[in-house]
Amino acid sequence: NRGWDTCPMIGFDPVAVAKILELDASHIPVMLLTLGYRKEDPRPRSSRRPVSEIVKINTLNGPGLME
């Protein structure tokens, strides 16, 4: 562990990135990854609802498979 933090980026212009990196047509950028040291400690993550409370599989109104 070198203490680095990363963050994926999907909101970018792949054509512009390919041009900057001089990629040929067989290489298409699909994600960028930032890399660096965190400036401050992260704030605590907010609480989350249980998956079973919000996910319903193969149902519209009845009980889901998670119940």
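Considering only residues that are aliphatic (A, V, I, L, M) and exposed (fewer than 10 other Cβ atoms within 10 Å of the Cβ), look in region 21-34 and name the one that is modelled with the lowest pLDDT. Give the steps one after another, and end with the answer.
Applying the first criterion (aliphatic (A, V, I, L, M)) to region 21-34 yields 21, 23, 25, 28, 30-33.
Retained after the next criterion (residues that are exposed (fewer than 10 other Cβ atoms within 10 Å of the Cβ)): 21, 25, 30-31, 33.
On the way: 21: 92, 25: 89, 30: 92, 31: 92, 33: 92.
In this case the residue turns out to be 25.
A Cβ distance below 9 Å, combined with a sequence gap of six or more or placement on separate chains, defines the contacts here; from region 27-56, residues that are free of Cβ contacts under 8 Å to residues at least 40 places away in the same chain and within 28 Å of residue 2 (Cβ to Cβ) reach residues that are surrounded by 10 or more Cβ atoms within 10 Å (Cβ to Cβ) and not hydrophobic (A, V, I, L, M, F, W, C) in the pairs 29/14; 30/14; 34/5; 35/5; 36/5; 37/5; 38/5; 42/5.
The values are calculated or read from the model by the stated rules, or taken from the named source; none is laboratory data. Computed from a predicted model, the values in this text were never measured in an experiment. Heads up, the Cβs are rebuilt from the backbone with ideal geometry, glycines too, and the neighbour counts pull from every protein chain shown.
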